[in-house]
Amino acid sequence: MGLTVAEKIITKHLIEGKLERGAPIAIRIDQTLTQDATGTMAYLQFEAMGLPRVKTDLSVSYVDHNTLQNDFMNMDDHRYLQTVAAKYGVKFSRPGNGICHQVHLERFGKPGTTLLGSDSHTPTGGGLGQLAIGAGGLDVACAMAGQPFYLTMPKIVKINLTGRLQPFVSAKDVILKVLQLLTVKGGAGKIIEYGGDGLPTLSVPERATIANMGAELGATTSVFPSDAVTKQFLQAQNRAADWQEILADSDAMYDAEINIDLSALEPLAACPHMPDIVQKVSELKDRKVDQVLIGSCTNSSYKDLMTVAYMLQGRKIAANISLGLAPGSKQVLTMLAQNGALADIAAAAARLLESACGFCIGMGQAPNSGGVSVRTNNRNFQGRSGTKDAGVYLVSPETAAATALTGKLTDPRALDLQPYKFTPPRHFAIDDSMVLEPNPATEIIRGPNIKPCPKREPLTKDLTGEILLKTGDNITTDDIMPAGSKVLPLRSNVPAIANFVFAGLDPDFAKRALEKKGGFIVGGENYGQGSSREHAALAPMYLGVKAVIAKSFARIHKANLINFGILPLTFANAADYEKLAQGAELKIADISAAWQNKKNIFADISAPLNVRIELTYDLSDRDREILSAGGMLNFVSKL
Ligand code: MIC
Ligand code: SF4
């Protein structure tokens, strides 16, 4: 039987297990990436492992998230990251060089290899046929130490793309369509693999846009074949030697197939406050808008911004709009400057932002109160923009530019512009001078805000405590551990950042958790969707959270909970969710006995509820050992 693209790459990297869907497997990791908001913890954890240098083929440390420097903290982190990278054999991409996923795609990603990144949008690399997976920082630290990455062998879903996109409809509309079809939890436990005769019409950066937002589906990763289009892109990046062909066999078997006719797609928008609330832009037209922001790892490629420049050329944006634009990398910025497109963008009254995540993670550009912001990024969770009562629509660069011009949500086809004819460059502007090479003689610089990573004690026989919070479905890691310019600088200081756990949902949570000496969280479906930030597990661990009982979990967050010794448990009967209430006392007795006998666990809830509920767990033997040890740091030190 033939193999899919994903199976071919996994087979070549398989260290433990078999390619059976749902079975635990371990794969060798060739490359890692970290970014500054998750990287400080990852390198502190790597340092604690006591190795002289990383064991991967390539590891890159990027600075792109915390670039707004309101005080010493962010730059102290940059200094730490630069020096720790140099010492341990990691390349360092300086602030200003661009967003990790965009730069990695341009300069480092290789078809057929594996990439593990401490950022949920690492699957962007799937655009060039790389098996690129997002994970918590600790898993990436382990990969840098040469350990395999453990995961559950996902199902593989094929999306067949046929036809060709019509003018002013673009890759973002493809992935928004997929989100409409599958929802934010539709990708859980799956790899999304793209194929079909529409593929040759999509360039690598367009494929990367689609793979990038597979993170919003909750997918393990998304992957495209590596074909002639991939070869052309790598040649233009002066990296022809990195190319190899990887195509699915004609008799490859998929767990499901979905067909999308590119020719039939229209401009789409994800409406507030979830990436899967998708509607046609034409149905939302005339909605008044205050702000338009173009950039992020989803849509800041050379093609994206050339299209925007073409649409803005010789025109002015509407007076009610604040337009910001952040090129995804120094390469994109340089090329726009060299060919004059930047001048067209500036002349249209756009505000030029640095090549970084910026607005996408609430590092500046918060909208006005009650404002409507139209953005090209990938997440529109409530409050992530920095303004709780603002509404964010996620759209393509074409729709964003049209909206900036008219001041209202606008289908770009309504502007009556000639279609833009983009020719992929034969040579990108290549200058890697902002990527610093390692130097083992470097001395590590640590600022006063950088504190060691806390640890948990081994698992106790019984777990007791209060239900500290009961949440609904689709709780995001932005809900659990908010980002933004105020909180992000505390990523290297867990005791300080822990004060903000659930701050948007329940400002008293941290205080209550500390007073009660920890307890439990009850969640609905898809608990912990969104980012890879391990702080959404690490900070609750610091506050004493012992277990999260939910209807289901998002993959990366569940792995992070295990890594930090918090039990991820699920309801045997989903209806029991209704029986639990915040404030109730809960006791789970003798967990290890249940584990050993492969039996379900029982939780007793005291008066006035007086109920016993049955809980299940989907944990490998290794997961249970990690949890028993009190988390991965203890587990690794025992090896
Ligand atoms: C995000 O888009 O939410 C982030 C910020 O890039 C996160 C990582 C983080 O929280 O540092 C992600 O997607 O993993
Ligand atoms: Fe940065 Fe936004 Fe991409 Fe996260 S989603 S890596 S914050 S640009």
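The values are calculated or read from the model by the stated rules, or taken from the named source; none is laboratory data. Computed from a predicted structure; not experimentally measured. All Cβ positions, even for glycine, are placed from backbone atoms using ideal geometry, and neighbour counts span all protein chains on display.
Data overview
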{"quantity": "When residues of the range 239-285 are limited to those that are buried (at least 19 other Cβ atoms within 10 Å of the Cβ) and of a type in the set (G, A, S), the one nearest to D57 (Cα to Cα)", "calculated": "A248"}
{"quantity": "Residue in the range 588-595 that is of a type in the set (D, E) and modelled with pLDDT of 95 or more present", "calculated": "no"}
{"quantity": "Candidate set from the range 415-448 (those that are surrounded by 10 or more Cβ atoms within 10 Å (Cβ to Cβ) and among the charged types (D, E, K, R)); member that is farthest from H104 (Cα to Cα)", "calculated": "R446"}
{"quantity": "Single residue of the range 346-384 satisfying the filter (within 16 Å of ligand 2 (Cβ to nearest atom), over 16 Å from the mean Cα position of the chain (by Cα) and among the small types (G, A, S)) that is surrounded by the fewest Cβ atoms within 10 Å (Cβ to Cβ)", "calculated": "G364"}
{"quantity": "Out of F602, F520, sole residue that is buried (at least 24 other Cβ atoms within 10 Å of the Cβ), modelled with pLDDT of 95 or more, farther than 29 Å from I133 by Cβ and more than 16 Å from ligand 1 (Cβ to nearest atom)", "calculated": "F520"}
{"quantity": "Test: residue in the range 559-570 that is of a type in the set (V, I, T), at pLDDT 95 or above and closer than 18 Å to G465 by Cβ", "calculated": "yes"}
{"quantity": "Test for L561: is it within 16 Å of ligand 1 (Cβ to nearest atom), within 30 Å of M75 (Cα to Cα), touching a helix residue (DSSP H, G or I) at 6+ places or on another chain (Cβ under 7 Å) and among the hydrophobic types (A, V, I, L, M, F, W, C)", "calculated": "yes"}
{"quantity": "Members of the range 100-115 that are within 15 Å of ligand 2 (Cβ to nearest atom) and over 19 Å from A236 (Cβ atoms)", "calculated": "C100, L115"}
{"quantity": "Filter result (touching a Ser or Thr at 6+ places or on another chain (Cβ under 6 Å) and closer than 30 Å to M335 by Cβ) within the range 423-468", "calculated": "P424, A429, V435"}
{"quantity": "Residues of the range 65-92 classified as assigned to a helix (DSSP H, G or I), of a type in the set (F, W, Y) and under 25 Å from H121 (Cβ atoms), total", "calculated": "2"}
{"quantity": "Any hit, the range 486-509, residues being assigned to a loop (DSSP other than H, G, I, E, B), away from ligand 2 (no atom under 16 Å from the Cβ), out of contact with any Leu (no Cβ under 7 Å at 6 or more places or on another chain) and within 22 Å of E457 (Cβ to Cβ)", "calculated": "yes"}
{"quantity": "Residues that are touching a Phe, Trp or Tyr at 6+ places or on another chain (Cβ under 9 Å), within 16 Å of ligand 2 (Cβ to nearest atom) and aliphatic (A, V, I, L, M), drawn from the range 28-63", "calculated": "L33, V60, V63"}
{"quantity": "Whichever residue in the range 447-476 is within 15 Å of K546 (Cβ to Cβ) and outside any loop (DSSP other than H, G, I, E, B) and, among such residues, is nearest to ligand 1 (Cβ to nearest atom)", "calculated": "L469"}
{"quantity": "Residue check, Q130 more than 17 Å from I556 (Cα to Cα), touching a strand residue (DSSP E or B) at 6+ places or on another chain (Cβ under 6 Å), away from ligand 2 (no atom under 16 Å from the Cβ) and polar (S, T, N, Q)", "calculated": "yes"}
{"quantity": "So G324, is it at pLDDT 95 or above, over 22 Å from S203 (Cα atoms) and within 16 Å of ligand 2 (Cβ to nearest atom)", "calculated": "yes"}
{"quantity": "Any hit, the range 389-397, residues being hydroxyl-bearing (S, T, Y), within 15 Å of ligand 2 (Cβ to nearest atom) and in a loop (DSSP other than H, G, I, E, B)", "calculated": "no"}
{"quantity": "Qualifying residue in the range 10-28 (condition: of a type in the set (K, R) and touching a helix residue (DSSP H, G or I) at 6+ places or on another chain (Cβ under 8 Å))", "calculated": "yes"}
{"quantity": "Residue in the range 455-470 that is of a type in the set (D, E, K, R), without any contact (Cβ under 8 Å) to a residue 60 or more places away in the chain and surrounded by fewer than 23 Cβ atoms within 10 Å (Cβ to Cβ) present", "calculated": "no"}
{"quantity": "Test for E614: is it more than 26 Å from the chain's Cα centre (by Cα) and assigned to a helix (DSSP H, G or I)", "calculated": "no"}
{"quantity": "Residue check for S93: within 17 Å of the chain's Cα centre (by Cα), within 14 Å of ligand 2 (Cβ to nearest atom), hydroxyl-bearing (S, T, Y) and crowded, with 24+ Cβ neighbours inside 10 Å", "calculated": "no"}
{"quantity": "Identity of the residue in the range 477-517, of a type in the set (D, E) and surrounded by fewer than 24 Cβ atoms within 10 Å (Cβ to Cβ), that ends up farthest from ligand 1 (Cβ to nearest atom)", "calculated": "E515"}
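This table checks each residue for (1) within 16 Å of ligand 2 (Cβ to nearest atom); (2) assigned to a strand (DSSP E or B).
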{"site": "I521", "(1), (2)": "no, yes"}
{"site": "G524", "(1), (2)": "no, no"}
{"site": "S532", "(1), (2)": "yes, no"}
{"site": "A536", "(1), (2)": "yes, no"}
{"site": "H557", "(1), (2)": "yes, no"}
{"site": "L569", "(1), (2)": "no, yes"}
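Rundown of residues vs (1) under 30 Å from K388 (Cα atoms); (2) in contact with a Leu (Cβ under 7 Å, 6 or more places away or on another chain); (3) not in a strand (DSSP E or B), yes/no style:
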| site | (1), (2), (3) |
| --- | --- |
| A241 | no, no, yes |
| Q244 | no, no, yes |
| N259 | no, no, no |
| S263 | no, no, yes |
| A269 | yes, yes, no |
| P275 | yes, yes, yes |
| S296 | yes, no, yes |
| Y310 | no, no, yes |
| R315 | no, yes, yes |
